[in-house]
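To start, the structure itself, in C-alpha cells.
Any read-out appearing in this document is the output of simple, stated calculations on the displayed coordinates, not a laboratory observation. Every value quoted in this text rests on a predicted model; they were computed, and no experiment measured them. Cβ atoms come from the backbone with ideal geometry, glycine included; neighbour counts cover every protein chain shown.
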Amino acid sequence: MRVLLANPRGFCAGVDRAIEIVERAINKHGAPVYVRNEVVHNKFVVSDLKIKGAIFVKEIDEVPDNQVVIFSAHGVSQLVRKQAKAINSTIYDATCPLVTKVHKEVVRKQKQHNQVILIGHKGHPEVEGTLGQSNQANEVLLVETEADVQNLSISGDLSYTTQTTLSVDDTQSIVDQLRQKFPHIQAPRKDDICYATQNRQDAVKALMRSADLLLVLGSRNSSNSNRLREIAEKMGINAHLIDGADEIDPAWLNNVQMVGVTAGASAPEVLVQEVINYLYDQGASDVQEISGTEENVHFPVPEELR
C-alpha cells in the first residue's frame, strides 16, 4: 500500500488569520474571550482554543457586557455587529477577507438597485452572514440547486454572488442555468469561490487519477471538506471525511493499493501526520507528495493585535 498526499492541503490564509486573531486576543486581554460560532469549522482547532481561553457562543446575547467578542472566519450579519456594539464589547473581526469581499459586493450591487442572488448552502454560517448584509427592502435570494433557479420569478437588474467554499463544478452548472434564464445577469468582478477551495479541489482531482481510496481530514460541518469528499465519490472512488486517525476503519484499507490523503482548509497538518503514521502501522510502504499549486497568500491580523 502506498500513500499519496495532496498539495495544497490544510490551512488556508483565512483560517490561519482567524486562529491567530483568537490567540492574540487572549494574550492581549486574558481569558476568556468570546467567539461567535466556531471560529473555523474544525473540532481539533476549536478544542485547542477552548483550552487556551476561548468561549464559543451561538448568539451575542450569551455574552456578558464589556467583554471581548470575535466574529468567526465565516462572517456575520449587520444585525450581529449591532448586537455586539450594544453590549460595549471590544470587537475583533476574524471574517476571512475573501468573505468580506462578497459582503461588499452585495452592498455595492444593492446600492445599484440590483436584485442579488446568492448561490450557497442554506443554514451555513457564511451564507447567513452574507444574507444578513442586505437591506430589508431588497433581500438577497438564496439558490442551492438548478431547480431553485428554475423556480425564480424575478425581473429587473440582476447580479449573483456565491459562497466561497462551494464545489467549483456544481456552482458552474448553477451559474450556467442563471445565465440561460437571465441572459443579462451580472457576474462578480472576480470569482467568489476562494483560491484555497479551488486549489484543494484541483489537488483531489489530480490524486483521484491514481488513488483508490481518499481520506479527507475535516469536520462534518466543514463545507470545503465535504466538497473534497464529494469530488472523489463523483469520480467513483470511496472517500471518507474524518476528524482524525482514530476514526479510520481498518476495513476501508482492504485491497487498497493507493490511499489518497488530503485536508480541508480548516484542518491542521498535525492531523495529516497522525493519519500517515497510522497508515505506516497498517503496512504502507511509501508516502509521496503530489506537486500542486503553490500558495503564498497571507492576510494580516487587525492592526490593534499586531
Backbone N under 11 Å from the LYS28 label point (7 Å along Cα→Cβ), restricted to the stretch 75-93: 90-93
What is the distance in Å between the Cα centroid of the stretch 181-242 and that of the stretch 1-55? 21 Å
A correct Kirkwood calculation over the Cα atoms of the stretch 149-304 returns a hydrodynamic radius in Å of 17.7 Å
Where Rh is the Kirkwood radius over the Cα pairs of the stretch 13-96, the temperature 4 °C and the viscosity 1.567 mPa s, what D in µm²/s does Stokes-Einstein return? 105 µm²/s
Work through the residues other than ALA147 whose Cβ is under 15 Å from its Cβ and net out their charges, Lys, Arg +1 and Asp, Glu -1. -3
Length-normalised contact order of the chain, Cα under 8 Å, at least 6 apart, in percent, tallies to 27 percent
Taking 0.36 nm per residue of separation and subtracting the Cα-Cα distance, what length does fully extending ASN221 through SER153 add? 21.3 nm
With 0.36 nm assigned to each residue of separation and the Cα-Cα distance removed, THR100 to ASP61 gains 11.7 nm
Given the stretch 13-96, what count of lysine pairs have C-alpha atoms under 25 Å apart, with each pair 8 or more places apart or on different chains? 13
Return a whole-number percent for the relative contact order of the stretch 76-173, with Cα pairs under 8 Å and 6 or more residues apart as the contact set. 35 percent
Taking the Cβ of ASN135 as the center, what net charge do the other residues with Cβ under 15 Å away carry, scoring Lys and Arg +1 and Asp and Glu -1? +4
Label corresponding to Rg and Dmax of the Cα atoms in Å when calculated from the structure given, among [x] 20.5, 62; [y] 21.5, 72; [z] 18.8, 58: [x]
Quick check: from the Cα gyration tensor, does the stretch 98-193 come out rounded (a/c under 1.5), prolate or oblate? rounded
Value of [θ]222 nm, deg cm²/dmol, for the chain, DSSP H segments ≥ 4, -39500 (n - 2.57) each, nearest 500: -11500 deg cm²/dmol
